[in-house]
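The values are calculated or read from the model by the stated rules, or taken from the named source; none is laboratory data. Just so you know, these numbers come straight off a predicted model, no measurement behind them. Please note: Cβ atoms are built from the backbone with ideal geometry, for glycine as well, and neighbour counts cover all protein chains shown.
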Amino acid sequence: MSYDKIIVSENGEEFPYSESFDEDSYYYEVSIVLDDRDGELFISKWGSHIAFDDDGSWLDFKIAPNEFFPNQKELTHENILSYMGTLLDRESEGKVLSKDEVEKHYQRFLKSEQ
């Protein structure tokens with residue numbers, strides 16, 4: 001993934017990211033390290049997941065940013081950092097999906113779109 005922006009936290013940690021928008025949501029892809037594992041945090045208004053680089057697994061969260069930041073068409077850097085902190089605090093609520101499970105979900109999604 002190519003990132004074209006950077007968020008800098010209060011302690012100086014940098015998080016490269018990219019963003020896109022459509023009529024339904026905002027979409028952020030943030031480069032992160034969690035438990036010494038590189039990954040990408042994908043955020044939309046409905047929820048988020050971390051896709052880990054090492055094995056293709058996901059840590060899927062049913063914690064919608066829209067609940068914390070309602071009626072926003074986009075998130076500020078402060079919103080994103082706050083949301084990232086919430087995910088870290090509530091990491092145990094995330095559901096681990098193996099690479100195979102992710103692929104099965106993706107194939108079901110493709111079939112539903114036909």
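In region 15-24, is there at least one residue being in contact with a Phe, Trp or Tyr (Cβ under 6 Å, 6 or more places away or on another chain) and touching a residue at least 60 places away in the same chain (Cβ under 8 Å)?
To start, the set of residues in region 15-24 that are in contact with a Phe, Trp or Tyr (Cβ under 6 Å, 6 or more places away or on another chain) comprises 16-20.
Narrowing the set further to residues that are touching a residue at least 60 places away in the same chain (Cβ under 8 Å) leaves 17.
Scanning region 15-24, I find at least one residue that is in contact with a Phe, Trp or Tyr (Cβ under 6 Å, 6 or more places away or on another chain) and touching a residue at least 60 places away in the same chain (Cβ under 8 Å), so the answer is yes.
Each row is one residue, and each column tells you yes or no for (1) buried (at least 16 other Cβ atoms within 10 Å of the Cβ); (2) of a type outside the set (Val, Ile, Thr); (3) touching a Ser or Thr at 6+ places or on another chain (Cβ under 8 Å).
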residue	(1), (2), (3)
ILE6	no, no, no
TYR28	yes, yes, yes
THR76	no, no, no
TYR83	yes, yes, yes
ARG90	no, yes, no
Practice item. Test each condition in (1) within 22 Å of VAL102 (Cβ to Cβ); (2) outside any loop (DSSP other than H, G, I, E, B) for ASP54 and report the one that comes out false. Key: (2)
Study note, to complete from the structure: Within region 27-49, the residues that are over 16 Å from TYR3 (Cα atoms) and either of a type in the set (Phe, Trp, Tyr) or in a strand (DSSP E or B) (or both) are LEU34, ARG37, SER44, TRP46, GLY47, SER48, HIS49
Practice item. Could you check TRP58 against (1) surrounded by 13 or more Cβ atoms within 10 Å (Cβ to Cβ); (2) of a type outside the set (S, T, N, Q); (3) at pLDDT below 95 and say which number it fails? Key: (3)
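So which of LEU34, LEU41, LEU110 ends up being surrounded by 15 or more Cβ atoms within 10 Å (Cβ to Cβ), over 10 Å from the mean Cα position of the chain (by Cα) and among the aliphatic types (A, V, I, L, M)? So that I can check it myself, show each step before the final result.
Working: LEU41 fails: over 10 Å from the mean Cα position of the chain (by Cα); LEU110 fails: surrounded by 15 or more Cβ atoms within 10 Å (Cβ to Cβ).
It is LEU34.
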Practice item. With the checklist (1) assigned to a strand (DSSP E or B); (2) modelled with pLDDT under 95 in hand, flag the one item TYR3 doesn't pass. Key: (1)
